[in-house]
Amino acid sequence: MIGLQRRTPLLTRDAEGLFWMARYLERVENLARLIDVTQTFESPGREAESWAALVAIMADDAGLQERGLAMDAASIKRFYLLDPTNPTGIPACIELARTNARTLRPLISTEMWMQLNVFHHDLLAIEPWELDGDALSRLCRRIKEGVQAHTGITEGTFFRDQGWHFYEVGRLIERADQTTRLLDIKYHLLARGTPEQRRVAELTQWNALLRAAAGYHGFRRVAQAGFVPADVVAFLLGDTSFARSVALCVGQMDWHFSALRSRYGLRDTAPVLERIEDLRVALGEPVLRLLPDGLHDFLDSMQRDLAKLGELIGTMFFRDWRPLKQSQTQGHGPHEHSQDGQADHGPSQGGQSQSQVQRTP
Amino acid sequence: MQPNIANPFSSYDPGAYYCELTARSGDGGSAALVRRRITKIGLDALRLRARAAERDLFNLGITFTVYSESSAIDRILPFDCVPRIIAADEWSVLERGVAQRVRALNLFLADIYNTRHITRDGVIPPELVYGNANYRPEMEGFPVRFGTYVHICGIDLVRDERGAFSVLEDNARTPSGVSYVVENRHLMLRAFPDLVAGMKLRPVDDYGRRLRSAMDEIAPEGIDNPQVVLLSPGIYNSAYFEHVFLAREMGVPLVEGADLTVEDDKVWMRTTAGLRRVHTIYRRIADDFLDPTVFRPDSLLGVRGLIGAWRQGNVTLANAVGTGVADDKAVYAYMPRIIRYYLDEDAILPNVETHICGEPDGLAYTLANLDKLVIKPVGESGGYGITVGPRASRSELDAARALLVADPANWISQPMISLSVAPTLTEAGLRPRHLDLRPFAITGRETWVLPGGLSRVALKEGSLIVNSSQGGGSKDTWVLAE
């Protein structure tokens with residue numbers, strides 16, 4: 001047969017796997033950014049406060065309590081960097097990213113798989129001493145660079161059919177969500193002290209925040225001298241030239257779903273596109289009106305809207321391959337769900353001895 | 001100054017065994033050339049490069065997964081860098097022998113599920129066939145395209161002290177290992193280009209393309225552009241890497257049971273654009289698990305209604321259901337007679353002499369010579385349940401005797417075969433290690449045999465068990481083009 005196939009089919013299971021693999025990896029990168037900025041915010045003698053803010057943003061108070069961990073810097077760092085049982089931590093996220101990648105090996109490039117495989121081994125071997133002092137910042141950089149290597153390899157090697165769109169959407173929705181969380185850190189760290197102390201603290205914090213989001217230099221190019229909080233917020237939320245802005249992520253998601261619709265005839269994109277339009281409208285709100293008190297609520301509702309968008313994508317595209325109830329809670333990948341009883345036993349070769357294997361989360 | 005190059009072969013002694021690399025003839029000097037090249041590289045460099053090559057395999061995820069209580073460990077199939085060489089004229093015999101065997105297996109299956117001549121003619125006891133646990137009544141009278149039941153076949157060969165090949169076992173269900181054949185060659189070319197340079201080798205990359213055309217051919221009649229899929233139990237299966245490999249090489253989706261659904265006796269896969277028809281399924285799931293409405297009702301791996309769709313002729317399964325009766329160890333003993341019966345030819349590749357304990361003579365002989373024989377259960381695979389008489393302790397022999405007497409029909413025995421050896425890199429240098437060979441054959445309309453096959457090597461000193469689950473490794477297998 002001569003001629004190339006134009007529309008290769010994509011299994012719904014694989015679409016979901018790609019979406020979540022990208023999400024988990026993006027989450028790993030952003031968590032490294034959050035940890036890095038938290039350490040930078042640490043003020044001598046009040047370390048615990050900054051770290052408690054991180055826990056608040058991640059809504060992990062309960063998780064910490066369950067494990068009987070104190071709200072101090074050392075416990076919190078271990079919780080996010082070393083504890084594989086913490087579902088919001090880096091070990092669990094990289095594990096899930098890799099598990100999804102394993103199911104996707106027929107689709108992703110060999111180079112993507114190899115880098116992820118090596119990166120996974122690297123992250124599961126983080127040593128406790130790397131959490132202290134200047135080692136922590138180096139560790140965060142290594143983690144960021146690992147994900148960036150993944151993103152770069154993906155850009156350069158991943159076949160761009162339907163699957164790529166779902167991959168990108170996963171990355172974008174996670175990035176948008178994480179940018180709102182990064183910004184929210186400010187809400188939890190209201191500066192104290194004299195007005196002058198506050199002014200200096202504010203300056204340091206906004207500065208660090210922008211750097212954590214890799215937005216400092218970009219911001220300098222578009223903003224007035226100094227840090228007007230409203231400008232920083234407008235930049236992180238709304239500047240469509242800034243790679244991590246919520247508006248840019250939302251705009252690109254729109255483009256990807258439009259492409260899925262026009263090139264691959266996926267008609268279920270209609271309600272998703274509508275929901276994205278709603279997000280755009282919300283983002284059009286003048287920032288000044290949110291400050292100083294409305295920002296946290298705004299970010300909160302933005303996070304809820306993004307979660308709802310994720311749910312809708314799940315319902316429209318991923319639901320098909322397993323019972324409806326399982327794909328409804330978002331925030332987890334397909335490989336979290338399959339723990340409640342999907343096909344986890346594999347006949348071994350030759351089909352004779354049947355071994356039941358236990359999933360290790 | 002003398003260059004510090006010790007000849008790593010100077011302390012290599014294969015003893016009475018046939019050595020694949022040092023006792024060669026008819027290879028046009030290739031083996032000698034490889035020995036010289038290995039000597040030139042030297043043991044230390046060889047070790048370093050071999051270690052780097054194995055790390056590569058691990059990072060690439062060319063691994064199988066071993067599950068224990070609490071963890072999943074990825075293991076590579078250890079790769080030995082010293083290649084195994086098969087001369088062109090040796091291969092042409094093996095190739096014809098494998099194709100002959102596959103032809104006979106298919107004719108046998110067509111017969112027992114339809115006309116039943118062979119049992120009526122008394123060539124093989126009916127109870128051995130129709131009473132076999134792997135016989136599937138569902139297959140009776142069911143037509144398959146081109147009479148092919150066994151589309152993918154792996155035949156395990158061993159070589160005795162004189163260098164003669166014989167068949168140890170047929171694998172007609174879902175034989176695995178072919179991915180390692182191709183990946184070992186890639187690794188060899190990457191990591192040891194100086195060993196391969198200038199050698200005229202038969203290529204192995206063609207497997208995926210051949211498999212895909214066979215899968216296209218066997219699709220239900222009248223389908224122009226059939227949708228082929230590979231059905232896998234999923235990532236927790238130890239051969240998952242191979243499933244990925246084959247799906248990629250064929251360019252077809254790798255599906256799990258949950259991705260497929262049967263409606264109106266047709267098979268569909270769930271895609272983002274809705275349901276899409278599937279015509280050929282290369283399944284890597286055992287018969288028992290294919291369809292919970294027909295076989296094991298507790299199977300979560302299969303697809304409800306799949307067998308119905310198949311019986312309606314709307315989808316083809318490869319391999320067909322019920323091929324397990326043909327590669328059964330008890331049926332194996334009859335293979336030379338089966339070949340003669342259908343093809344009116346002698347077997348090109350002889351069987352290893354086999355005593356069927358279900359027959360009085362065979363049982364008597366086995367019990368009388370227990371300490372000289374290898375005793376194997378008929379229903380197991382993976383090298384489990386085997387007692388190697390000459391190496392067994394008194395109590396192990398007693399245990400085997402008790403099992404034999406309790407259920408003779410479950411056992412066969414074979415003389416201890418002096419498996420050939422090949423130089424293998426060990427801590428102590430190059431040492432002889434036993435190995436076998438599993439060539440792979442693909443059959444749609446015609447049979448094609450992949451040049452070479454998987455050479456599995458028992459890495460433990462003196463061990464005859466080459467299975468990956470029990471400490472086996474593998475070698476790149478070179479079939480010389482001339």
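The values are calculated or read from the model by the stated rules, or taken from the named source; none is laboratory data. Computed from a prediction, not measured in an experiment: that's the story for all the values here. When we count neighbours, we look across all protein chains shown, and the Cβ atoms used for this are built from the backbone with ideal geometry, even at glycine. We work out accessible area using only protein heavy atoms, side chains counted, and drop any ligands, DNA or RNA first. Shrake-Rupley method; radii C 1.70, N 1.55, O 1.52, S 1.80 Å.
Of note:
- Span per principal axis, largest first, for the Cα atoms of the protein assembly as shown (Å): 101, 80, 54
- Charge-dipole axis of the protein assembly as shown as Lys and Arg at +1 and Asp and Glu at -1 on Cβ define it, positive-most pick from B:Gly473, A:His296, A:Gly238: A:Gly238
- Top positive-direction residue, dipole computed over chain B with Cβ charges, set B:Thr63, B:Ala247, B:His117: B:Thr63
- Peptide B:233-243 - average C-beta neighbours from other chains (10 Å radius): 6
- Chain B: antiparallel DSSP beta bridges as a percent of all, rounded to 5: 75
- About its Cα centre, the dipole of chain B is roughly 1200 debye, where the only charges are +1 on Lys and Arg Cβ and -1 on Asp and Glu Cβ.
- Assigned charges on the beta-carbon of Lys, Arg, Asp, Glu; the protein assembly as shown dipole about Cα centre (debye): 1500
- Taking amide H as placed 1.01 Å from N in the peptide plane, the amide H of A:Phe158 sits under 5 Å from none that are at least 5 places away or on another chain.
- Its Cα centre serving as origin, chain A has a Cβ charge dipole (Lys and Arg +1, Asp and Glu -1) of approximately 860 debye.
- Antiparallel content of DSSP bridges confined to the protein assembly as shown, in %, to 5: 75
- Number of Lys pairs (Cα under 27 Å; 8 or more positions apart or on different chains) in the protein assembly as shown: 18
- Rounded, prolate or oblate (a/c below 1.5 giving rounded, otherwise prolate when a/b exceeds b/c) for region B:355-415 by Cα gyration tensor: rounded
- With a Förster radius of 51 Å applied to the C-beta separation of A:Asp72 and B:Glu446, the computed FRET efficiency comes to 0.10.
- C-alpha long axis of helix B:30-41 to longest principal axis of chain B, angle in °: 60
- Global geometry of chain A, whether rounded, prolate or oblate, following the gyration tensor of its Cα atoms and the 1.5 cut on a/c: oblate
- Think of region B:315-381 as a dipole: +1 on every Lys or Arg Cβ, -1 on every Asp or Glu Cβ, centred on the Cα centre; then among B:Thr316, B:Leu343, B:Tyr332, B:Thr316 lies furthest on the positive end.
- Theoretical FRET efficiency, 1/(1+(r/R0)^6), r = Cβ-Cβ of B:Lys40 and B:Asp205, R0 22 Å, to 0.05: 0.20
- For chain B, the longest principal axis of the Cα atoms and the long axis of helix B:88-112 meet at an angle of about 20 degrees.
- Taking the longest Cα principal axis of chain B as reference, the axis of helix B:394-406 is set at about 20 degrees.
- Cα centroid separation - region A:138-177 against region B:181-245, whole Å: 29
- Using a probe of 1.4 angstrom and keeping all protein chains present, the accessible surface of region A:160-321 works out to 45 square angstrom per residue.
- Calculated [222 nm] ellipticity per residue, helices only, for chain B: -9000 deg cm²/dmol; basis is -39500 (n - 2.57) per DSSP H run with n ≥ 4, divided by all residues, nearest 500.
- Working note: 222 nm ellipticity from helices only, DSSP H runs with n ≥ 4, each -39,500 (n - 2.57), summed and divided by the residues of chain A, gives -20500 deg cm²/dmol to the nearest 500.
- Seen through its C-alpha gyration tensor, with square-root eigenvalues sorted a ≥ b ≥ c, region B:221-314 comes out oblate because a/c lies at 1.5 or above while a/b is not bigger than b/c.
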